[in-house]
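The values are calculated or read from the model by the stated rules, or taken from the named source; none is laboratory data. Being a predicted model, the structure only gives us computed values, none of them experimental. Please note: Cβ atoms are built from the backbone with ideal geometry, for glycine as well, and neighbour counts cover all protein chains shown. For accessibility, only protein heavy atoms count, side chains too; no ligands or nucleic acids. Shrake-Rupley method; radii C 1.70, N 1.55, O 1.52, S 1.80 Å.
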Amino acid sequence: MKQYLTFTEEVRHALENNLPVVALETTIISHGMPYPQNIEMAKEVEQIIRDNGAVPATIGIMDGKIKIGLTESELEEFATNKSVEKVSRRDFPYILASGKIGATTVAATMIAADLAGIRMFATGGIGGVHRDGEITWDVSADLTELAQTSVAVVCAGAKSILDIGRTLEYLETQGVPVVGYRTAEFPSFFARESGFGVDFRLDTPEEVGTLMNTKWKLGLTGGLIIANPVPEADALDHKQIEGVILQALKEAKENNIAGKKVTPFLLDKVKQLTAGKSLQTNIALVRHNAEVAAKVAAAYQKEVNAGK
C-alpha cells in the first residue's frame, strides 16, 4: 500500500529525521462537526501539536492517494465537501480505486499511520460495541484494528452513545491495554466518568512512552488506548448526558437509522438536545487529547532514538 501514500513536506521531514509525529483523522472534520467549527478545530489542533513538540499529520484520501498530512486547502475541502465518504478498513480499495474523497475513521487512520511509520494518533473518542450490540452485532472496526495495528490512540474514552462495558470486555479479549492518563476510571467522552475502570493508570508522558516502547519491543503487535478524560471545566454531567443519549437512541430506532449512519445521527441529536453544549465539550476534549498525544509522542520518540 505504500505506493498509495503521499506526504506533506513537514511530515516527510519529521519522519526522515526521527521527530515525533501525531496522526489525526478526518472523519471528525467531515462527519463529526459542523462548518466552520470543524475547520477551526482542525487548524487549532494541528497547532497545539506543534506547540507541544510534535508534528501533526492529518490523514485523508483524495485522488487515489492516502495523504499523510493535508494542506490548508485540502483541510478546507474535507470541512466543506458534502460528498466526502466515511472510510474504514473495508472501504480503502473502493475509495482509492474510484478516486473519491474519503475521510478516515479511527480504524482507517491507524492503518494509514502504521503504513507511514507513525505510532501516535489523537482522536476524540473510539468506536466500540453499540448498545443492543448483542442483538445487532454492531461492533466498530476500531476495536479489531486496535487488536492488530501498532498505533497508540489518545482518546477521551469510547463515545458515550456506546455500550462501554462490552467495549472494554472486547478490548480485554483482544489483548489491547487500556491506560488511564492521570485517571483510574475510563472516561465516557462527554463525561469524565463511566463507572468502569482502566487496566493501568499512568501519570506522565514518559511512563506512557516507555510502556509503548516495551510493548512493541516484545513483539506484541497491536495498539493501545490512552484514555484521557475531558478537562473538568468542559465536562458534562454523566447522569444528564445518559438521559440525553437514551432519548437520541430512541429516535434513531424510530427512524430506522442503522450502520455507519448511527454515530453521526446520534452525535447530532445529542448536540441538539444539549443546546450545543456537547459540541463545545467535543472540541475541548479533542484539544486536550492533541496536547497529551504530542507530549507522549515526544517522550516515546526520545526513548526510541536513544536506543532504549
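Between their Cα atoms, which of Lys82/Lys271; Lys217/Lys295; Lys67/Lys277 are more than 27 Å away from each other?
The answer is Lys67/Lys277.
Per-residue surface analysis assigns Arg182 an accessible area of about 140 Å², computed on protein heavy atoms at 1.4 Å probe radius.
Within the accessible surface of the chain, defined with a 1.4 Å probe on protein heavy atoms only, the carbon and sulfur portion equals 50 percent. Surface calculation, 1.4 Å probe, protein heavy atoms: Thr210 sits at approximately 60 Å² accessible. Across the protein chains, with a 1.4 Å probe defining accessible surface, the residues Val230, Val139 rank Val139, Val230 from largest area downward. Relative contact order of region 2-301: 20 percent, from C-alpha pairs under 8 Å at least 6 residues apart in sequence. Here Leu273 sits with roughly 80 square angstrom of accessible surface, probe radius 1.4 Å.
Rounded to the nearest 20 Debye, what is the dipole magnitude of the chain about its Cα centre when Lys and Arg each give +1 and Asp and Glu each give -1 at the C-beta?
380 debye
Within the chain, DSSP assigns beta bridges of which about 30% are antiparallel (rounded to the nearest 5).
Residue order by solvent-accessible surface for Glu206, Glu74 is Glu206, Glu74, largest first, with ligands and nucleic acids left out and a 1.4 Å probe.
Annotation: amide H-H contacts under 5 Å for Leu5 (H modelled 1.01 Å from N, sequence separation of 5 or more, or interchain): Ile66.
Take the Kirkwood radius over Cα pairs of the chain, plug it into Stokes-Einstein at 4 °C and 1.567 mPa s, and you get 68 µm²/s for translational diffusion. Solvent exposure of region 2-301, expressed per residue, is 42 Å² of accessible area, with all protein chains present and a 1.4 angstrom probe.
If one puts a single equal scatterer on every Cα of region 102-236 and applies the Debye formula without solvent, what log₁₀ I(q)/I(0) results at q = 0.16, 0.21 Å⁻¹? Log10 I(q)/I(0), no solvent term: -0.76, -1.31.
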